[in-house]
Structure formats: structure tokens, C-alpha cells
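Asker: Dropping the structure in here first, questions after.
The values are calculated or read from the model by the stated rules, or taken from the named source; none is laboratory data. Everything numeric in this text was worked out from a predicted model, so none of it was measured. Don't worry about glycine lacking a Cβ; one is built from the backbone with ideal geometry, like all the others, and counts go over all protein chains shown.
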Amino acid sequence: MTAPDGQVAQPAGLSRPRDATPLISVRELTKVYPTAKGERVQALSRISLDIAQGEFVSLVGPSGCGKTTVLRILAGLIADYTGDVSVSGKALHGPSREVGVVFQDANLMPWRTALANVLLPAEVLGLNRKQAKLRAQELLTMVGLEGFERKLPGELSGGMRQRVAIARALIHDPAVLLLDEPFGALDAMTRDTMNVELAAIAARSKKTVFLITHSIAEAVFLSDRVLVMSSRPGRIVEVIPVELPRPRGLDIIADPGFAATVLRIRRLLDSVTASALPSIAH
Amino acid sequence: MSDITAPELKLPAAPLPRLPAWLRARPELALTPLVLVVVLGLWQAVVSLGLVSQYVLPAPSNIGLALAQGLSSGLFIQHGLVTLGEAASGFAIAVTAGLVMGTLIAEVRLVERAVYPYLVMVQTMPKIALAPLLVVWFGFGSSSKVAVAAIISFFPMLVTTLAGMRATDQGRLDVLRALGAGPFRCFALAKLPDALPHIFSGLSIAVVFCMTGAIVGEFVGASAGLGYLIVQANARMNIPQVFAILLTLGAIGVAGYALVQGLRRRLLFWEPKQELSRP
């Protein structure tokens with residue numbers, strides 16, 4: 001894998017000196033959910049983040065901290081928030097063509113073949129059928145599913161289904177790939193393999209990737225930067241740059257820099273979880 | 001040295017019956033007809049020996065005779081087609097109405113709030129009890145039978161369609177919504193196919209119910225149809241003919257059910273599971 005993002009200077013923090021406009025820009029994003037009792041729960045509090053073109057950024061945090069809410073807002077699935085969200089310089093109001101989403105479950109249509117599933121966005125967006133079919137074929141080859149085009153999701157393994165979902169998210173050539181714990185439902189070994197492949201796919205397709213995960217190692221392995229969130233209300237407490245060379249193989253786990261970064265994030269998460277405890281008890 | 005055991009070996013051992021391979025693999029192919037033959041044999045014997053009155057339980061041979069007569073004279077076919085037409089029309093109305101209403105109630109909150117309480121009320125009522133009223137309203141012709149068939153088949157269709165539409169996988173909808181798909185696309189690409197297993201459960205109930213509806217309608221008042229024929233035969237104490245008509249009805253029911261199952265296998269090729277509910 002040739003990493004084009006290897007040349008990109010590792011950013012540290014929100015300010016990205018050289019890029020004029022970041023691909024994804026979130027300012028003061030706040031989201032409040034009404035509960036059944038009529039109370040209001042603050043899910044997100046004044047979240048700001050920038051993601052540059054071609055960057056791989058992960059968001060880690062404890063369960064229920066609002067990670068998925070951030071992703072669903074970026075995917076255009078949640079519309080009632082306050083703050084500014086823009087993709088490619090355009091304010092985001094609802095779903096955008098610039099975005100491809102991979103959810104925790106593959107969410108494939110079980111009545112469609114792998115190829116037809118990949119073609120689904122092309123149908124919805126009304127893309128040229130012939131071109132889309134060629135591209136779908138290419139994408140399936142890229143995710144290692146050549147020869148499985150005619151298989152139904154029921155005939156594929158969990159890892160293969162998630163690969164189809166990744167190919168589907170890329171069919172309309174979006175600028176951004178949003179991933180919501182895409183390998184959370186897979187076993188540890190498949191997960192490692194999928195992470196290596198995801199890194200390769202991100203590099204090959206030159207996509208900007210925003211990954212939600214609660215695996216710190218996964219985040220460090222894949223990302224240029226890791227955003228650390230705390231819960232109640234969900235906010236970004238720190239941005240950790242990952243200063244590791246690319247391409248990265250699984251043996252990078254032995255790298256002292258990898259271990260140090262993981263440990264740093266681990267401690268950070270432990271501290272925010274501990275500091276959040278009194279307010280929960282309260 | 002083998003002179004002690006040798007004679008023993010020469011004893012004619014009872015040869016085990018050599019069953020053909022297909023029978024060993026699927027013994028039910030022989031067992032199921034065997035059960036039928038045994039039951040029919042016992043039945044025939046009980047009646048022939050005079051243990052049960054011919055009027056209560058006619059012999060299978062007499063029933064067979066009545067069936068052959070009914071079919072060859074064209075009587076059963078003529079009346080069968082009447083009943084079949086009523087049931088099929090009722091089925092078509094029930095399926096269309098059930099699918100449309102079920103979808104509207106599931107999709108449009110306003111419709112749900114306005115109509116659903118009444119539907120639940122009507123559903124708890126035994127719809128068969130409406131048959132006499134429907135005959136008064138629609139007359140002695142076939143339309144009253146179509147109405148009874150439609151009403152009693154409608155509710156299983158409605159309930160299963162509603163359940164199917166509500167069981168839509170939210171994850172798959174998220175995929176479509178993130179692409180900006182509108183309500184119609186979401187319906188066609190996810191909700192409807194996702195609801196099909198439920199809808200087919202409704203269809204296999206409705207296909208049986210619509211025959212019941214047509215027959216009950218004919219019981220109440222009719223001048224044609226297998227239900228009318230049963231009432232006539234019963235009144236003349238022609239019990240073998242009653243049994244023969246029941247067999248004909250059974251055959252029509254099985255054919256309808258098989259048709260729905262065949263369609264199900266074709267449309268739900270992606271679903272390995274068994275049907276959600278059977279009638």
C-alpha cells in the first residue's frame with residue numbers, strides 16, 4: 001500500500017495550518033435529546049473538529065458518550081442539532097452525496113446479491129448503470145471479494161458482509177467515508193485482518209475517513225489523529241496525533257511509539273471516566 | 001476343525017427384507033400411504049360389519065363412488081367452480097385491501113390513530129357471524145359469498161402486513177436514508193421486501209380462510225356452490241355425497257395453499273428460515 005497521506009504533515013490539535021478549508025468542519029456542535037419523562041439529556045456539548053482531505057481520524061470514547069450521535073449527524077441522519085457542520089465547504093443539511101457510511105452491522109439487503117447490494121446507492125442516486133456496475137465490480141475486487149458477486153448475504157461470512165458494506169459505501173465515490181464501529185461485531189482475528197485491509201483501502205481510495213470505535217488499539221493503528229471523547233455530556237477532551245510511519249502492518253503493535261500512544265489514550269479515558277463518576281452519582 | 005460350527009452356518013437364516021435404497025432413505029414415502037390404507041381398511045371393515053350405521057359413517061367405498069359420480073357428472077365441477085370463483089374474488093379483495101390498509105396504517109400515523117382502534121374492535125368479533133347480514137345486504141347471488149370470504153380473509157392480511165411493515169430492519173433503512181432516499185424508495189427497496197415473510201404468512205392463512213368464507217356464505221343462503229350442495233345432500237341424508245364434497249373442498253384448499261407456498265419459495269429465495277406462522 002502506498003500511503004499518499006504519508007506526506008501529509010501530522011496535525012496536532014484542531015488547527016491545521018496548511019489546509020485552507022478542511023473537508024469536514026464541525027463547530028460548536030450540541031445535541032440535546034428529550035427523554036420520555038420530558039427531561040432533556042445533553043448528548044453532545046460544543047464539539048468542534050476539523051478533518052483534512054485524505055486524513056484518517058478516529059473518535060474514541062466510553063459507551064454512550066455520543067460517538068454514534070456525531071457520526072449520525074455527519075451522515076445526515078439526525079437533523080435537529082445546534083452548531084455548524086459542513087462537508088467540502090458546504091453546510092450539511094440532511095444526507096450528502098459526499099458521504100459514504102458503514103454501520104456496525106453490514107445492513108445488507110438479504111434479497112440482493114453482493115453486487116446488487118454494492119449497486120444500491122447508485123440506484124438511489126440515479127447514477128449511470130453501466131459505469132456503476134463496472135465500478136462495483138472493481139470495488140468488490142478491491143475489498144477481496146472477486147468471484148463472490150452473485151452470492152447472497154446469507155451465503156457470506158460476517159467479515160465478507162462488512163467488506164460488501166464498505167464497497168457499497170464507496171460506489172458513489174464520496175469524499176468522506178464514515179465508519180461506525182464497522183468491525184465491532186466480528187471476532188478478534190477477523191477484526192485484525194479487516195483493519196489491515198481498511199488501512200489499505202483508505203490509502204488506495206485516497207478517501208478521508210472518520211472512524212468511530214471503542215478500541216483504542218484499532219484507532220491508533222489506523223489513524224493520523226485520535227479524538228478522545230468523554231461522556232455526559234459528550235465532548236472532545238483531547239486530540240492525540242499518531243506519529244507512526246505508514247504503511248503500518250500488524251507488527252507495529254510491537255513499536256514503542258504505538259504502545260505509548262495507546263497508553264496515553266487509555267489513561268486519558270480512565271481519567272475522564274473517573275471524573276465523570278461523581279456527576280453520574282449526583 | 002470347523003465341523004462343530006459348520007452345520008450351524010448352513011441353517012437357513014431368515015433373510016432380512018432387502019429394501020430398495022429410496023425407501024431406506026425416505027421411509028415416509030411408504031409409511032404415509034400405508035397409514036391411509038390401514039385406516040381406510042379398518043373404516044371399511046367397521047362399516048361393513050355393521051358396527052356403525054351407514055347413515056352416521058358411510059363406507060369409504062360408498063364415498064369413493066359418490067366422489068366418482070359427482071366428478072363424472074360434472075356436478076362437483078360446476079358447483080366447485082362457483083365456490084372457487086367466490087373464494088378467489090374474496091381472496092383478491094382481501095389481499096389488496098389488507099396490503100393497502102396495512103401499509104397505510106404502518107406508514108401514516110394519522111390513519112393509524114383514526115382507524116386502528118375500530119379495526120381492533122372489529123377484529124375481536126367473530127366475522128362469520130356477519131354472514132347472515134351480508135346475505136341480506138348483497139343478496140343470494142355470489143356477491144354475498146365474496147363479501148364473507150373477503151371480510152374473514154382481510155384481517156389476517158391486515159395484521160400480518162402491519163406486523164411486517166413494523167418489523168422493518170432500521171439499519172437497512174438508515175443505509176437508504178443516509179443516501180437521501182425518500183419514503184417511496186424506502187418502501188420499495190427495504191420495507192416491502194422486508195415485510196414479505198410476514199405477508200406470506202398472511203397469504204397462507206387467507207387462502208384457507210377465503211374458502212371457509214365462501215362455504216359459510218353458501219350455507220346461509222345460495223342456489224349454487226359446494227356449500228349449497230353440502231346443505232342439499234345433508235338434508236337428503238346423502239352422507240356419502242357430503243363426504244365426497246368435503247374431499248373436493250379439501251383438494252381445492254390444498255391446491256390453494258400449495259400455490260401460495262410455491263410463490264413464497266420463488267419470491268423469498270433469500271430466506272432460509274421456516275415460515276413465521278402456519279395456519
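Asker: Can you name every one of the helices (runs of 4 or more DSSP H) wholly within segment A:171-282 that holds 3 or more residues which are small (Gly, Ala, Ser)? I'd like the intermediate steps shown before the answer.
Answerer: Numbers: elements: A:188-205, A:216-222, A:256-281.
In segment A:171-282, the matching helices (runs of 4 or more DSSP H) lie at A:188-205, A:256-281.
Asker: Being over 13 Å from B:Ile245 (Cβ atoms), assigned to a helix (DSSP H, G or I) and in contact with a helix residue (DSSP H, G or I) (Cβ under 6 Å, 6 or more places away or on another chain) is the filter here, so list the residues in segment B:52-81 that pass it.
Answerer: B:Pro60, B:Asn62
Asker: Do you know which of the residues in segment B:121-150 that are closer than 13 Å to B:Met101 by Cβ and aliphatic (A, V, I, L, M) is surrounded by the fewest Cβ atoms within 10 Å (Cβ to Cβ)?
Answerer: Taking segment B:121-150 as the starting set, the residues that turn out to be closer than 13 Å to B:Met101 by Cβ are B:122-123, B:150.
Narrowing further to those that are aliphatic (A, V, I, L, M): B:122, B:150.
Working: B:Val122: 13, B:Ala150: 29.
Looking at the filtered set, the residue picked out is B:Val122.
Asker: OK, next. Just the residues that are assigned to a helix (DSSP H, G or I) and more than 18 Å from A:Gly100 (Cβ to Cβ), please, taken from segment A:150-166. It would help to see each step written out before you state the result.
Answerer: Residues of segment A:150-166 assigned to a helix (DSSP H, G or I): A:153-155, A:158-166.
Selection gives A:Pro153, A:Gly154, A:Glu155, A:Gly158, A:Gly159, A:Met160.
Asker: Considering each of A:Tyr81, A:Tyr33 in turn, give the residue that is touching a Ser or Thr at 6+ places or on another chain (Cβ under 7 Å) and more than 25 Å from A:Leu268 (Cβ to Cβ).
Answerer: Answer to the check: A:Tyr81.
Asker: Further question: For segment A:86-122, name all the residues that are outside any loop (DSSP other than H, G, I, E, B), surrounded by fewer than 22 Cβ atoms within 10 Å (Cβ to Cβ), more than 12 Å from chain B (Cβ to nearest Cβ) and touching a residue at least 40 places away in the same chain (Cβ under 8 Å).
Answerer: Scanning segment A:86-122 gives a single hit, A:Ser86.
Asker: Condition check: of a type in the set (A, V, I, L, M, F, W, C), at pLDDT 90 or above and part of a helix (DSSP H, G or I). Does B:Leu29 satisfy that?
Answerer: Working: of a type in the set (A, V, I, L, M, F, W, C): yes; at pLDDT 90 or above: no; part of a helix (DSSP H, G or I): yes.
No.
Asker: Next up: State whether the residues of segment B:134-142 include one that is part of a helix (DSSP H, G or I), closer than 27 Å to B:Ala255 by Cα and either in contact with a strand residue (DSSP E or B) (Cβ under 7 Å, 6 or more places away or on another chain) or more than 14 Å from chain A (Cβ to nearest Cβ) (or both). I'd like the intermediate steps shown before the answer.
Answerer: Start the filter on segment B:134-142 by keeping residues that are part of a helix (DSSP H, G or I), which leaves B:134-138, B:142.
After this cut, where a residue has to be closer than 27 Å to B:Ala255 by Cα as well, the list is B:142.
When the remaining residues are screened for being either in contact with a strand residue (DSSP E or B) (Cβ under 7 Å, 6 or more places away or on another chain) or more than 14 Å from chain A (Cβ to nearest Cβ) (or both), the result is B:142.
Taking every residue of segment B:134-142 in turn, at least one turns out to be part of a helix (DSSP H, G or I), closer than 27 Å to B:Ala255 by Cα and either in contact with a strand residue (DSSP E or B) (Cβ under 7 Å, 6 or more places away or on another chain) or more than 14 Å from chain A (Cβ to nearest Cβ) (or both).
Asker: Additional query: Can B:Phe155 be described as more than 24 Å from A:Val124 (Cβ to Cβ) and within 14 Å of chain A (Cβ to nearest Cβ)? Walk me through it before giving the result.
Answerer: Working: more than 24 Å from A:Val124 (Cβ to Cβ): yes; within 14 Å of chain A (Cβ to nearest Cβ): no.
No.
Asker: Now for a separate question. Which residue is farthest from B:Gly80 (Cα to Cα), if the candidates are limited to segment B:210-237 and must be among the polar types (S, T, N, Q) and touching a helix residue (DSSP H, G or I) at 6+ places or on another chain (Cβ under 7 Å)? Full working, then the answer.
Answerer: So in segment B:210-237, the residues among the polar types (S, T, N, Q) come out as B:212, B:223, B:232, B:234.
With touching a helix residue (DSSP H, G or I) at 6+ places or on another chain (Cβ under 7 Å) added as a condition, the list becomes B:212, B:234.
Working: B:Thr212: 13, B:Asn234: 17 Å.
Taking the candidates together, the pick is B:Asn234.
Asker: Moving to a separate point now. Going by what's in this entry, would B:Lys145 be described as modelled with pLDDT under 90, touching a helix residue (DSSP H, G or I) at 6+ places or on another chain (Cβ under 9 Å), under 25 Å from B:Gly225 (Cα atoms) and not hydrophobic (A, V, I, L, M, F, W, C)?
Answerer: On the way: modelled with pLDDT under 90: no; touching a helix residue (DSSP H, G or I) at 6+ places or on another chain (Cβ under 9 Å): yes; under 25 Å from B:Gly225 (Cα atoms): yes; not hydrophobic (A, V, I, L, M, F, W, C): yes.
For B:Lys145, the condition - modelled with pLDDT under 90, touching a helix residue (DSSP H, G or I) at 6+ places or on another chain (Cβ under 9 Å), under 25 Å from B:Gly225 (Cα atoms) and not hydrophobic (A, V, I, L, M, F, W, C) - is not met.
Asker: When you check B:Ala255 against the structure, is it outside any loop (DSSP other than H, G, I, E, B), on the phi < 0 side of the Ramachandran plot and without any contact (Cβ under 8 Å) to a residue 12 or more places away in the chain, yes or no? If you could, list the steps in order and put the result at the bottom.
Answerer: Details: outside any loop (DSSP other than H, G, I, E, B): yes; on the phi < 0 side of the Ramachandran plot: yes; without any contact (Cβ under 8 Å) to a residue 12 or more places away in the chain: yes.
The answer is yes for B:Ala255.
Asker: Let me ask something additional. I need the full set of residues from segment B:153-196 which are surrounded by fewer than 23 Cβ atoms within 10 Å (Cβ to Cβ) and outside any helix (DSSP H, G or I), in order please.
Answerer: Within segment B:153-196, B:Ala167, B:Thr168, B:Asp169, B:Gly180, B:Ala181, B:Gly182 meet the criteria.
Asker: Still on this model: Among the residues of segment B:228-264, count how many are polar (S, T, N, Q) and crowded, with 16+ Cβ neighbours inside 10 Å.
Answerer: Quick first cut of segment B:228-264, residues polar (S, T, N, Q) only: B:232, B:234, B:238, B:241, B:248, B:261.
Subset that is crowded, with 16+ Cβ neighbours inside 10 Å: B:238, B:241, B:248.
So the count comes out to 3.
Asker: Ok, one more. Does B:Leu196 satisfy the condition of being facing chain A (nearest Cβ under 9 Å) and either among the β-branched types (Val, Ile, Thr) or in contact (Cβ under 8 Å) with a residue 60 or more places away in the chain (or both)?
Answerer: Values: facing chain A (nearest Cβ under 9 Å): yes; either among the β-branched types (Val, Ile, Thr) or in contact (Cβ under 8 Å) with a residue 60 or more places away in the chain (or both): yes.
In short, yes.
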